[in-house]
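All remarks here apply to the structure that follows.
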Amino acid sequence: MRAIVVKPPKPGVEFRDLSQAIRHGSGTVKVRIIENGICGSDREIVRGELATARPPEGKDWLVLGHEALGVVEESKDPRFKPGDLVMPINRRSYHGKCLNCLVGRPDFCEANEFVEAGMVGMDGFMVEYFYDDPKYLVKVPPGIADIAILAQPLSDLEKSVEEILNIQRRFIWTCDDGTYNCRRAIVFGSGSTGILMSLLLRTLGFEVYVANRRDPLENEAKITEEAGITYINYSVEGLDRLKQMGFDLVVDTTGASASLIGHEVEMLKPNGVLGLFGFPSEGALTLSNEVIQRFIYKSNVIVGLINGQKPHFQQALAHLAQWKATWPGVVSRLITRVVDVNDEKEVVQVLNRKEKGEIKVKIKWGQ
Ligand code: BGC
Ligand code: ZN
């Protein structure tokens, strides 16, 4: 059984033939992998830079991959039958002693006892097939099989938006028509997280800006235009102008520099929220007393955003179906490359570096 394997904390990635099947929980459903998606976290592991990455107990290697679409091949569970398209959930509770874990929300694990497929103490999904627990499988509508791989990264964002809306229940954040269309949001970064977050906020009615420090590539220009999102090159428009405009919501998906986050804080309107997706591993965020004071007077909030769970996978799939119907052009541009798993050299290449203009790269295992 072929698998793509890493040995954190060591850098590197390799194909390996596994002698034993991968089994999670009850293992009553056998899933054959159709495709995997690649994200920044996979590349951090391959580069040996993801501090939280570790193999399952008792091994020095782990199967990579947390974004996967598969098909049920065998099932001892009446809820799944052979031929069903499914997607596995990546973060799972481990000992299940934490209350949030016990109610299916290890994204808010308080005991730090969760595992994450392909990252933290659990084999991932870049493998021909594996046996899984029905609890951690989500059914995928066949009509969106071509873009369904985006549901895992989108699930993180569905959860994040839910969390932000929960924070904002502290006052009235909706507008005079009950939607969010009088609220202005800016998303820093135009990679897959940035683009998906912008689309999701647009779907809820926000006036959305997506910012990067360069002009948009053709793909980005077409996506943002069709979805009614404004692309901003902040190296031209300037961060000061963005501070003057003011935003109800600022989301950083770049994780690029602590100093950018220092500027983002100053873009918040009263009651505004700054959401952080990943933080730079080096550098420090320094805020002057004046900025902190303004932060207090304006009731601003900074919130860390991570990991979606089963309800968020389901919402993500529903949104992908909606987007396919309303923004067909956008959706057709989100998968920027498909690599055949048999082309091992190319697989290793795409796992090592992000290419220019990349939104989502998939590794294709079969039909
Ligand atoms: C995944 C998240 C996960 C996070 C932290 C991301 O790449 O999409 O679901 O929680 O990494 O490990
Ligand atoms: Zn990811």
Worksheet item: Once the Cα atoms of the stretch 199-279 are picked out, what are the Rg and Dmax in Å?
Response: 12.5, 35
Worksheet item: Gain in length, E113 to N352, computed as 0.36 nm per residue apart minus the alpha-carbon separation, to one decimal in nm?
Response: 83.1 nm
Discussion item. Over the stretch 75-117, what is the relative contact order in percent, taking alpha-carbon pairs closer than 8 angstrom and at least six residues apart?
Written reply: 35
Worksheet item: If you take every DSSP beta bridge whose two residues both sit in the stretch 25-184, what share of them, in percent to the nearest 5, is antiparallel?
Response: 85
Worksheet item: Looking at the stretch 135-178, which chymotrypsin sites (Phe, Trp or Tyr not before Pro) are in a loop (DSSP not H, G, I, E or B) and have at most 16 other Cβ atoms within 10 Å?
Response: F171
Worksheet item: Once you have the alpha carbon radius of gyration of the stretch 42-158, what is it after dividing by 2.2 N^0.38 Å, with N set to its residue count?
Response: 1.09
Practice prompt. Report, in debye and to the nearest 20, how large the dipole of the chain comes out about its Cα centre when Lys and Arg carry +1 and Asp and Glu carry -1 on their Cβ.
Written response: 380
Response to the item:
Among A321, L351, T254, the residue whose Cα sits farthest towards the positive end of the charge dipole of the chain, when +1 is placed on the Cβ of each Lys and Arg and -1 on the Cβ of each Asp and Glu, is A321
Worksheet entry | Full-stretch length increase - E162, R241 - with 0.36 nm per residue and alpha-carbon distance subtracted | 25.6 nm
Worksheet entry | Among P78, N112, G143 - extreme Cα towards positive end, dipole of the chain, charges at beta-carbon | P78
Response to the item:
Regression test value, accessible area per residue of the stretch 177-273, probe 1.4 Å, units Å², expected 36
Practice prompt. Find how many whole Å separate the alpha carbon centroid of the stretch 225-248 from the alpha carbon centroid of the stretch 114-132.
Written response: 39
Discussion item. From zero outward in steps of 10 Å, how is the percent of C-alpha pairs of the stretch 76-122 spread across the bins?
Written reply: 27, 38, 29, 6
Discussion item. If each residue of separation counts as 0.36 nm, what is the full-extension length gain between V103 and K345 once their alpha-carbon separation is subtracted?
Written reply: 82.9 nm
Practice prompt. Keeping the other protein chains in place, figure out the carbon and sulfur percent of the accessible area of the chain, with a 1.4 Å probe.
Written response: 50
Fill in: Kirkwood Rh and Cα Rg combined as Rg/Rh, the stretch 147-276
0.94
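Looking at the chain, what % of its DSSP beta bridges pair antiparallel, to the nearest 5?
On the way: 31 of 62 bridges.
Percent antiparallel among DSSP bridges in the chain is about 50.
Evaluate the relative contact order of the chain (contact order divided by residue number), counting alpha-carbon pairs under 8 angstrom at least 6 apart; express in whole percent.
It rounds to 18 percent for the chain.
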Discussion item. Can you give me the long-range amide H partners of I186? Hydrogens built in the peptide plane at 1.01 Å from N, cutoff under 5 Å, separation of 5 or more residues or another chain.
Written reply: Y209, L249, V250, V251
Discussion item. No solvent, one uniform scatterer per C-alpha: report log10 I(q)/I(0) for the stretch 98-173 via the Debye equation at q = 0.17, 0.19, 0.20, 0.24 1/Å, two decimals.
Written reply: -0.94, -1.12, -1.19, -1.37
Response to the item:
A convex hull over the alpha carbons of the stretch 260-339 yields, per residue, a volume in Å³ of 176
Worksheet item: Rg and Dmax of the chain over Cα atoms: what are they, in angstrom?
Response: 20.5, 62
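Which pairs, out of K7/K345; K97/K362; K139/K360; K310/K364; K10/K139; K10/K360, put more than 28 Å between their alpha-carbon atoms? Before the final figure, lay out each step's value.
On the way: K7/K345 19 Å; K97/K362 35 Å; K139/K360 21 Å; K310/K364 24 Å; K10/K139 35 Å; K10/K360 25 Å.
The answer is K97/K362; K10/K139.
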Item to complete: With θ set to phi - 60°, apply the Karplus curve 6.51 cos²θ - 1.76 cosθ + 1.60 along the stretch 14-26 and write out the HN-Hα couplings as whole Hz, x wherever there is a Gly or Pro.
Response: 8, 7, 9, 8, 8, 8, 10, 5, 8, 9, 10, x, 5
Fill in: Cys residues of the chain counted as unpaired, since no other Cys beta-carbon is under 4.7 Å
C39, C109
Item to complete: Take the chain, connect every pair of alpha-carbon atoms lying under 10 Å apart with a spring to form a Gaussian network, then pick out the residue of T179, T230, T253 with the largest mean-square fluctuation.
Response: T179
Item to complete: Considering only DSSP beta bridges where both residues belong to the stretch 226-367, give the percentage that are antiparallel (nearest 5).
Response: 0
Worksheet item: Thinking of the stretch 224-367 as a set of Cα atoms, what percent of all their pairs are more than 27 Å apart?
Response: 42
Worksheet entry | Whole-number accessible area per residue in Å² for the stretch 48-151, which is evaluated in the context of all protein chains at 1.4 Å | 42
Worksheet item: Using the Kirkwood formula over every pair of different C-alpha atoms, what hydrodynamic radius in Å results for the stretch 294-335?
Response: 13.2
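The values are calculated or read from the model by the stated rules, or taken from the named source; none is laboratory data. This one's a predicted model, so the numbers in the text were calculated from it and none came from an experiment. Virtual Cβ from ideal backbone geometry, glycine too; neighbours counted across all protein chains shown. What goes into the accessible areas is simple: the full protein's heavy atoms, side chains included, and nothing from ligands, DNA or RNA. Shrake-Rupley method; radii C 1.70, N 1.55, O 1.52, S 1.80 Å.
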